[in-house]
Every structure is written in C-alpha cells, then in structure tokens.
Amino acid sequence: MLSLWQSVTGAAQTSDDYDGVEFWTNPERTGWLTKQGEYIKTWRRRWFVLKQGKLFWFKDSVITRGSVPRGVIPVAMCLTVKGAEDVIHKEFAFQLSTKSETMYFIADSDKEKEDWISSVGRSIVQHSRSVVDYDN
C-alpha cells in the first residue's frame, strides 16, 4: 500500500489510481488552497478538485479531460479533517490526517476553510470503510 504522501505526490501513480473518476466534470467542490510539501516544507498554491472520494490537485484551474493531476488523495484513507491554525500558526489552516500522516492546507478565508472541512469530512464518511481497532 502506498503511503498517503506517495498517493498525494503521484509516486508510482497511474491513471488507474483515479478509479475512473472524471475529475474534469461536475466536481463536488473546487477551489484554490495552499498546501505544504512533506519533505521540503514550502507552501504552494494549487487548484483542488474533490470528486467521488478523491481529492485531486493541479497547478492550473482550467481542468480538461487531458489534465494530469499533480497528486491525488483517496479520502477513504483519511481519519480526520479539522482546523489547524493553532498547530501551524497560519490563518485559515486545516489538516487532513491518516493513522500515520498529516497534511496541511491553507484556505483563502475562514468560510472557505470551513467549507473545505465540511466537504472533505462528508466525503470521508461516505467513502471510508468501517475500521475496527483490535489492538485495544
């Protein structure tokens, strides 16, 4: 299984990873977010598209059938999405976490942040499988 970061960065990524999702048409949510890299902690502004349990991002907001995502996050791997302003000390920040990894994003406004948290949270619930932790 790929790590969240491998999924996100497209390492070993093929069009099969998109599960036939036509990200260029009728997305559930789109918009500009600034995301932090995992290894080089720079912030880059990217166009995000949420559709059918996948969060894609692109360099440009003009998305066509021929567009190639810079990365994709299968939200079913994610456990939480929540505000992160107190964690990274940046206004309008939120985080998306799996059991072992956390990614940070910055929206353009508080409303955009809350809308993304709501949309991604709803998608996590719709696309995640029930998980039972037998370690406890």
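The values are calculated or read from the model by the stated rules, or taken from the named source; none is laboratory data. These numbers were taken from a predicted model, which means no experiment stands behind them. Cβ sites come from the backbone with ideal geometry, for glycine too, and all protein chains shown count toward neighbours. When the accessible area is computed, the model is the full protein with side chains, heavy atoms only, and any ligands, DNA or RNA have been set aside. Shrake-Rupley method; radii C 1.70, N 1.55, O 1.52, S 1.80 Å.
Taking Gly53 as meeting all but one of (1) of a type outside the set (S, T, N, Q); (2) surrounded by fewer than 16 Cβ atoms within 10 Å (Cβ to Cβ); (3) under 12 Å from the mean Cα position of the chain (by Cα), write down the number of the exception. Here Gly53 meets the rest and fails (2). Within the range 25-42, if we keep just the residues that are part of a loop (DSSP other than H, G, I, E, B) and open to solvent by less than 70 Å² (accessible area, probe 1.4 Å), the residue that is modelled with the lowest pLDDT turns out to be Glu38. The residues listed here are Ser67, Ser118, Ser100; of these, the one that is hydroxyl-bearing (Ser, Thr, Tyr) and under 19 Å from Gly37 (Cα atoms) is Ser100.
The set of residues in the range 87-114 being open to solvent by 30 Å² or more (accessible area, probe 1.4 Å), without any contact (Cβ under 8 Å) to a residue 24 or more places away in the chain and in contact with a helix residue (DSSP H, G or I) (Cβ under 8 Å, 6 or more places away or on another chain) consists of Glu91, Phe92.
Yes or no: the range 115-129 includes at least one residue that is open to solvent by 30 Å² or more (accessible area, probe 1.4 Å), at pLDDT below 90 and either on the phi > 0 side of the Ramachandran plot or in a loop (DSSP other than H, G, I, E, B) (or both). Looking for residues that are open to solvent by 30 Å² or more (accessible area, probe 1.4 Å), at pLDDT below 90 and either on the phi > 0 side of the Ramachandran plot or in a loop (DSSP other than H, G, I, E, B) (or both), one finds at least one in the range 115-129, hence yes. A Cβ distance below 7 Å, combined with a sequence gap of six or more or placement on separate chains, defines the contacts here; from the range 72-83, residues that are in contact (Cβ under 8 Å) with a residue 12 or more places away in the chain and over 20 Å from Arg46 (Cα atoms) reach residues that are open to solvent by 60 Å² or more (accessible area, probe 1.4 Å) and not hydroxyl-bearing (Ser, Thr, Tyr) in the pairs Ala76/His127; Ala76/Arg129; Leu79/Lys99.
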